[in-house]
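What follows is calculated from the coordinates using simple rules that are stated; it is not laboratory data. Note that the structure is predicted; figures quoted are calculated from it, not measured. For neighbour counting, all protein chains shown are included, and Cβ atoms are generated from backbone atoms with ideal geometry for every residue, glycine included.
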Amino acid sequence: MTGPIVSVEIGRSTWQGPAEEAPGREGENARLATREELLAGEILAELTRARAKFPGKNVTFAALVEEVGELATATFEESADRVRKEAVQVAVMAMRMVLDGDHCFEPWRAEKGLDPLDPELRAQAEGRDHV
């Protein structure tokens with residue numbers, strides 16, 4: 001069984017993982033990770049998994065709305081653990097909306113004179129090479 005999760009400051013970056021694997025874990029910079037850091041790590045891990053499972057352009061907004069609906073259902077009918085899992089999924093899809101945009105709305109937004117949601121298209125429109 002692994003010990004507590006810790007965060008270790010290494011220069012300007014942070015390593016997060018099991019205490020027994022922490023670089024310099026015996027040093028004074030080792031500390032227990034906060035609940036927020038653990039949750040952020042869980043959300044980032046799920047984001048990575050979701051992007052691998054559903055790569056490329058997606059109907060991000062529709063998926064976000066679906067996840068919010070599942071969170072609502074879980075809130076009224078399921079365990080606290082299930083509510084938490086659905087809330088993490090909502091956070092992941094909200095991140096994908098920010099990071100990846102939703103290509104389905106680009107023609108409509110362009111017609112309305114709005115900037116693209118897709119970060120790559122927005123960068124192109126602004127004359128930048130990358131996001």
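When both the range 48-63 and the range 87-131 are represented by their alpha-carbon centers, they are found 13 Å apart. For the range 71-77, 3J(HN,Hα) computed residue by residue from phi via the Karplus equation (6.51, -1.76, 1.60; θ = phi - 60°) reads 5, 4, 4, 4, 4, 8, 9 Hz, glycine and proline entered as x. Once backbone amide H atoms are built at 1.01 Å from N, ARG31 has SER7 as its partners under 5 Å, excluding neighbours fewer than 5 places away on the same chain. Here's how it looks for LEU117: its modeled amide H is under 5 Å from those of ASP102, which are all 5 or more places away or on a different chain.
Rounded to whole numbers, the Karplus 3J(HN,Hα) couplings from phi for the range 107-119 are x, 5, 5, 4, 4, 7, x, 8, 6, x, 7, 5, x Hz, using 6.51 cos²θ - 1.76 cosθ + 1.60 with θ = phi - 60°, and x at Gly and Pro. Dipole orientation for the range 35-127: of the candidates THR75, GLY101, PHE54, PHE54 has the Cα lying most toward the positive pole (charges on Cβ; Lys, Arg +1; Asp, Glu -1).
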